[in-house]
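Have a look at this one.
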Amino acid sequence: MENMIKDIDIIREEEEKSCDFKVTAEENTGKIKKLYIESYGCQMNFSDSEIVASIMKDNGFDTTSDYSNADVIFLNTCSIRDKAEQTVRKRLSQFNQAKSENPELTIGVLGCMAERLKEKLLEEEKLVDLVVGPDAYRDLPNLVGQAEAGSKGVNTFLSREETYADISPVRLNSNGVSAFISIMRGCDNMCSFCVVPFTRGRERSRDPHSIVKEARELFAKGYKEVTLLGQNVDSYKWSPEENNKARLNKKETGVSEVIYFANLLEWVATIDPRLRVRFSTSHPKDITDEVLTTMKRYDNICKYIHLPVQSGNSRILSLMNRTYDREWYLERVQKIREILGEDCGISSDMIAGFCSETESEHQDTLSMMDLVQYDFSYMFYYSERPGTLAAKKLADDVPLEVKKRRLQEIIEKQSQLSLIRNQRDIGKVQEILIEGQSKRSSEQLKGRNSANKVVIVPRGRLKIGEYTNVRITDCSSATLFGEVIDR
Ligand code: SAM
Ligand code: SF4
């Protein structure tokens, strides 16, 4: 990947795969038509594809893993960096042959790229029949029907309320152990580099009762871990009368009750102590002491926080419109350490070479990493996105070679820190949840500890979905190795 350099050595196995795309699994429940979905980008998109599959299933479609068998192909796209959009365009050109062999085939572009480009996408990509934004998925069966009758369709309406709360997602690519639950949609933050507020609209929180119901059902089906998902989960705020954050903030006294993220977290944690709870992403400005103390109170809330810093320099953070500075961020980290201790996992996102970033400001990012001692990070160099505040107001003036070199330095720093953080675990006893087979050997299984680190153990008599205590015996910068101690 040219623009999104992720240090393969320090990221989780699942994220390695998310560099490219995930596809639907083969399912044969006797439905007449076949749907093939490729999902790009973030976990929110993968979660949305599960909603799309559910909507289409109710309208006569089974999923397929082979696009040459499909009646409908959807690409659920990402716009976060230019490279993500280029990847989708290349992929679309590969579907040309499928379309010429089967002119009845319907091809739809969903998600952020659809929202950003709207009708323009139909003009630019002739084989595309449908362009559907993230809030318009209920309209998909209707639009597919129209496309089958010969007319192309676009629906990029951004809703102020839609959360798909009532739709029970069809679990795609599931290991049967961990599942993602979308708890909010959109983002009100307007970070200057980011296209998300334009492609996913205003912040809305999903009815907490439907979230708890979904988590309960997953647990009853044998799942052992749920991750509560949103662009900014700590900003979750819901009332029975209003789920739109901006509108709720205005009429707070006129509503019967308000549920915050700390409340929701507690509700989900009390479903069952054997159901692990994780969440992502936390914006540093929103993570409250209540969230941290709730995490401490429940053993089954995993001690891991993804707290993207983006830059370690206060001037750059201000240009990024992150609304916190270096000191604020460090105070939050100190609070995490104070309440949850040194073992709590902390990870980050970093952007190298943002507009006007100097060499010494880049050094501030490296020194921030040393101070926080991140367990791992997702690292990118800045990619200007049309329509964002930065694209309108700031010059993208750091040369590409400089961006790449700074990113490389960030990656190397993270690799050293990941190794140091993993070495701290050697000799400790940790509870892990077994998630599946290790990639390297069928004689080994992989689990995850509370801090979100992958632990490889000998298979023995262990089963997938089981909790077990292990002693950590060795590590690399990416992985811990352990021996089972309680059987
Ligand atoms: N909502 C999350 C937050 O605020 O931390 C992040 C969501 S965004 C999908 C994931 C990451 O992509 C960001 O944290 C940022 O590091 C990166 N990103 C977003 N826009 C970018 C851009 N224009 N260039 C490079 N990286 C970008
Ligand atoms: Fe983008 Fe900032 Fe919102 Fe995250 S918080 S999605 S980076 S605008």
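Within segment 1-43, restricting attention to residues that are in contact with a Phe, Trp or Tyr (Cβ under 9 Å, 6 or more places away or on another chain), within 16 Å of ligand 2 (Cβ to nearest atom) and farther than 14 Å from residue 172 by Cβ, which residue is modelled with the lowest pLDDT?
So, considering only residues that are in contact with a Phe, Trp or Tyr (Cβ under 9 Å, 6 or more places away or on another chain), within 16 Å of ligand 2 (Cβ to nearest atom) and farther than 14 Å from residue 172 by Cβ, the one modelled with the lowest pLDDT is 4.
Rundown of residues vs (1) out of contact with any Phe, Trp or Tyr (no Cβ under 9 Å at 6 or more places or on another chain); (2) under 30 Å from residue 221 (Cα atoms); (3) not β-branched (Val, Ile, Thr), yes/no style:
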| site | (1), (2), (3) |
| --- | --- |
| 421 | no, no, yes |
| 424 | yes, no, yes |
| 432 | no, yes, no |
| 465 | no, yes, yes |
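Of these, 122, 143, which one is surrounded by fewer than 22 Cβ atoms within 10 Å (Cβ to Cβ), out of contact with any helix residue (DSSP H, G or I) (no Cβ under 7 Å at 6 or more places or on another chain), part of a helix (DSSP H, G or I) and not β-branched (Val, Ile, Thr)? Write out each step before concluding.
Numbers: 143 fails: surrounded by fewer than 22 Cβ atoms within 10 Å (Cβ to Cβ).
Unique residue meeting the criteria: 122.
Going through segment 374-398 one residue at a time, which ones are within 10 Å of ligand 1 (Cβ to nearest atom) and either in contact with a His (Cβ under 8 Å, 6 or more places away or on another chain) or free of Cβ contacts under 8 Å to residues at least 60 places away in the same chain (or both)? Explain how you work it out, then say what you get.
Filtering segment 374-398 for residues within 10 Å of ligand 1 (Cβ to nearest atom) gives 377-385, 388, 390-391, 396.
Correct list: 391, 396.
Please identify the pairs in which a residue from segment 276-297 that is away from ligand 2 (no atom under 16 Å from the Cβ) has its Cβ atom under 7 Å from the Cβ atom of a residue that is part of a loop (DSSP other than H, G, I, E, B) and at pLDDT 95 or above, counting only partners at least 6 apart or on another chain.
Listed by first residue and then by second, the contacts come to 276/224; 276/300; 276/302; 277/300; 277/302; 278/302; 295/303.
Pick from 401, 361, 431: which is surrounded by fewer than 21 Cβ atoms within 10 Å (Cβ to Cβ), without any contact (Cβ under 8 Å) to a residue 12 or more places away in the chain and more than 16 Å from ligand 2 (Cβ to nearest atom)? Don't jump to the end; show me each part of the working.
On the way: 361 fails: without any contact (Cβ under 8 Å) to a residue 12 or more places away in the chain; 431 fails: without any contact (Cβ under 8 Å) to a residue 12 or more places away in the chain.
Step by step, each of 401, 361, 431 is checked, and only 401 is surrounded by fewer than 21 Cβ atoms within 10 Å (Cβ to Cβ), without any contact (Cβ under 8 Å) to a residue 12 or more places away in the chain and more than 16 Å from ligand 2 (Cβ to nearest atom).
Which residues, counting only those in segment 43-78, are within 18 Å of residue 121 (Cβ to Cβ) and outside any loop (DSSP other than H, G, I, E, B)?
Residues of segment 43-78 within 18 Å of residue 121 (Cβ to Cβ): 45, 48, 52, 72-78.
Matches in segment 43-78: 45, 48, 52, 72, 73, 74, 75, 76, 77.
Here's something else I'd like to know. Sort out which residues of segment 289-316 are in a loop (DSSP other than H, G, I, E, B) and either within 16 Å of ligand 1 (Cβ to nearest atom) or under 19 Å from residue 371 (Cβ atoms) (or both), and write them in order of number.
Taking segment 289-316 first, the residues in a loop (DSSP other than H, G, I, E, B) are 298-300, 302-303, 307-309, 311-313.
Once the filter is applied, which keeps residues that are in a loop (DSSP other than H, G, I, E, B) and either within 16 Å of ligand 1 (Cβ to nearest atom) or under 19 Å from residue 371 (Cβ atoms) (or both), segment 289-316 yields 307, 308, 309, 311, 312, 313.
Can you tell me which residue within segment 189-202, out of those that are part of a loop (DSSP other than H, G, I, E, B) and more than 9 Å from ligand 2 (Cβ to nearest atom), is nearest to residue 384 (Cα to Cα)?
First, the residues of segment 189-202 that are part of a loop (DSSP other than H, G, I, E, B): 189-195, 201-202.
Those left that are additionally more than 9 Å from ligand 2 (Cβ to nearest atom): 201-202.
Numbers: 201: 19, 202: 22 Å.
That would be 201.
Another question, then. Restricting to segment 317-343, name every residue that is assigned to a loop (DSSP other than H, G, I, E, B) and surrounded by fewer than 21 Cβ atoms within 10 Å (Cβ to Cβ).
Of the residues in segment 317-343, the ones assigned to a loop (DSSP other than H, G, I, E, B) are 320-325, 341-343.
If the condition is that a residue be assigned to a loop (DSSP other than H, G, I, E, B) and surrounded by fewer than 21 Cβ atoms within 10 Å (Cβ to Cβ), then 321, 323, 324, 325, 341, 342, 343 are the ones that fit.
The values are calculated or read from the model by the stated rules, or taken from the named source; none is laboratory data. If you're wondering where the values come from, they're calculated on a predicted model, not measured in any experiment. In this analysis, Cβ positions are derived from the backbone assuming ideal geometry, glycine residues included, and neighbour counts consider all displayed protein chains.
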